[in-house]
1. Can you go through GLN86, GLN79 and tell me which one is closer than 14 Å to ARG36 by Cα and either of a type outside the set (A, V, I, L, M, F, W, C) or in contact with a strand residue (DSSP E or B) (Cβ under 7 Å, 6 or more places away or on another chain) (or both)?
2. List, please: which pairs have Cβ atoms under 9 Å, are six or more places apart or on different chains, and start with a residue in segment 26-47 that is farther than 15 Å from GLY81 by Cβ and end with one that is among the hydroxyl-bearing types (Ser, Thr, Tyr)?
3. Quick check: anything in segment 12-25 modelled with pLDDT under 95 and surrounded by 13 or more Cβ atoms within 10 Å (Cβ to Cβ)?
Amino acid sequence: MIRFRCVLAASVVAVLSAAPAFAIAPSPYDMTYRIRGGGETALLADMKEGAGRVGTIPAGAEGIVLRWCRSEIPFGAWQFGSRKEQLKLLDARWCEVSYKGKVGDVPGSALEPE
């Protein structure tokens, strides 16, 4: 019985320590982003076109923190997806971001992972 428990414990440790090795990318909320494309992006007060502007993120801005998106990004599709698939996931969403102390909403199509 003791031998069985030792083997079981060793198996659990091996599986748990190997699991993170399978992930290709971190969670979309554990990384920073930059502005995609060449222009500035309006930082909006709501997740819709025409919402009031609370600020601007300049062209080429980096270090943008993704706080959450509507609808939530599915972690498995993000972590195991290609860069192209990750951009497609962003394209279909509105996201709340933080940039240099300002918080607001942008279309996900304005963002790309750094």
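The values are calculated or read from the model by the stated rules, or taken from the named source; none is laboratory data. As the structure is a prediction and not an experimental result, all values here were calculated from the model. Positions of Cβ are backbone-derived with ideal geometry, glycine not excepted, and every protein chain shown enters the neighbour counts.
1. Result: GLN86 is the single residue among GLN86, GLN79 that is closer than 14 Å to ARG36 by Cα and either of a type outside the set (A, V, I, L, M, F, W, C) or in contact with a strand residue (DSSP E or B) (Cβ under 7 Å, 6 or more places away or on another chain) (or both).
2. ILE35/THR41; ARG36/SER109; GLY37/SER109; GLU40/THR56; THR41/THR56; ALA42/THR56; LEU43/THR56; LEU43/TYR99
3. yes
Condition check ((1) touching a Ser or Thr at 6+ places or on another chain (Cβ under 8 Å); (2) of a type in the set (S, T, N, Q)) across all residues:
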| position | (1), (2) |
| --- | --- |
| SER27 | no, yes |
| TYR33 | no, no |
| LEU44 | no, no |
| LYS48 | no, no |
| PRO58 | no, no |
| ILE64 | yes, no |
| SER71 | no, yes |
| TRP78 | yes, no |
| SER82 | no, yes |
